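See structure below.
What follows is calculated from the coordinates using simple rules that are stated; it is not laboratory data. Not measured: the values here are computed from a predicted model. Note: ideal-geometry Cβ built from the backbone for every residue, glycine included; neighbour counts use all protein chains shown.
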Amino acid sequence: MIHLFLSFLYALMATLGFSIIFHVPLRHFPVVAFIGAAGWTIYQICTAYDMSVVMSCFLSSFAVGLFSDLASRFFKDAATIFIIPGILCLVPGSGIYNSMLQLVNGNLKGGALTCGQTLAMAGSIALGLLVVGAAIRIIVAITRKAVNIASKL
């Protein structure tokens, strides 16, 4: 349990650092930091329950996308302000590094395996954000249509 809490704090600090780099407005720092830390904590919980890293990346990026969209609607600001720093803790940078290291060392089979898993993780992150965006657009369109129909009655 303490490991999970420390992971949350480390992800919170890392997200704050990326928020500074990406010039996130100061009033959004607490929310952006929470979104990034929550995404990383969800990833850690999923991998602790023996879920694949690809599925863990999908679920955590789904959560980051959902929280970011809710925050953007609450603060009436762009969702990318919340998504980009929030998703950076999930980016599989070590997988890319290890893939290249194995390929440079001549281990083609290990490099290809690591590279495939890294690409699958990156794809699942993108897919998680895409699913949230599409679902919210559908919900908003249905809600607007229902309001239009109700106002005509």
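Would it be correct to say that Val54 is in a helix (DSSP H, G or I), under 30 Å from Leu26 (Cβ atoms) and in contact (Cβ under 8 Å) with a residue 24 or more places away in the chain? If you could, list the steps in order and put the result at the bottom.
On the way: in a helix (DSSP H, G or I): yes; under 30 Å from Leu26 (Cβ atoms): no; in contact (Cβ under 8 Å) with a residue 24 or more places away in the chain: yes.
Criteria not met by Val54.
Residues that are over 15 Å from Thr15 (Cβ atoms) and surrounded by 18 or more Cβ atoms within 10 Å (Cβ to Cβ) within the stretch 77-87 comprise just one, Ala79. Only one of the numbered conditions (1) of a type outside the set (D, E, K, R); (2) under 23 Å from Gly17 (Cα atoms); (3) not in a helix (DSSP H, G or I) is not met by Ser72, and that is (3).
Of the residues Leu66, Leu88, Leu103, Leu59, which is more than 20 Å from Val132 (Cβ to Cβ) and assigned to a helix (DSSP H, G or I)? Even if it seems obvious, please write down each step before you answer.
On the way: Leu66 fails: more than 20 Å from Val132 (Cβ to Cβ); Leu88 fails: more than 20 Å from Val132 (Cβ to Cβ); Leu59 fails: more than 20 Å from Val132 (Cβ to Cβ).
Every option except Leu103 fails the conditions.
The residues of the stretch 47-61 that are of a type outside the set (Val, Ile, Thr) and more than 18 Å from Leu12 (Cα to Cα), listed by number, are Ala48, Tyr49, Asp50, Met51, Ser52, Met55, Ser56, Phe58, Leu59.
Taking the conditions exactly as written (free of Cβ contacts under 8 Å to residues at least 40 places away in the same chain and crowded, with 18+ Cβ neighbours inside 10 Å), does Phe74 satisfy them or not?
Numbers: free of Cβ contacts under 8 Å to residues at least 40 places away in the same chain: yes; crowded, with 18+ Cβ neighbours inside 10 Å: no.
Criteria not met by Phe74.
What pairs come up if the first residue lies in the stretch 1-27 and is without any contact (Cβ under 8 Å) to a residue 40 or more places away in the chain, the second is surrounded by 10 or more Cβ atoms within 10 Å (Cβ to Cβ), and their beta carbons are under 6 Å apart, counting only those six or more places apart or on different chains? Pairs that qualify, where the first residue is without any contact (Cβ under 8 Å) to a residue 40 or more places away in the chain and the partner is surrounded by 10 or more Cβ atoms within 10 Å (Cβ to Cβ), are Ser7/Gln44; Phe8/Ala37; Phe8/Thr41; Leu12/Ala33; Leu12/Ala37; Leu16/Ala33.
Taking residues in the stretch 131-147 that are closer than 29 Å to Cys57 by Cβ, and partners anywhere that are surrounded by 10 or more Cβ atoms within 10 Å (Cβ to Cβ), the pairs with Cβ atoms closer than 7 Å and at least 6 places apart or on different chains are Val131/Phe62; Val132/Phe62; Val132/Gly65; Val132/Leu66; Val132/Asp69; Gly133/Gly65; Ile136/Asp69. Counting only residues that are surrounded by fewer than 19 Cβ atoms within 10 Å (Cβ to Cβ), touching a helix residue (DSSP H, G or I) at 6+ places or on another chain (Cβ under 9 Å) and not in a helix (DSSP H, G or I), the stretch 2-48 holds 2 of them.
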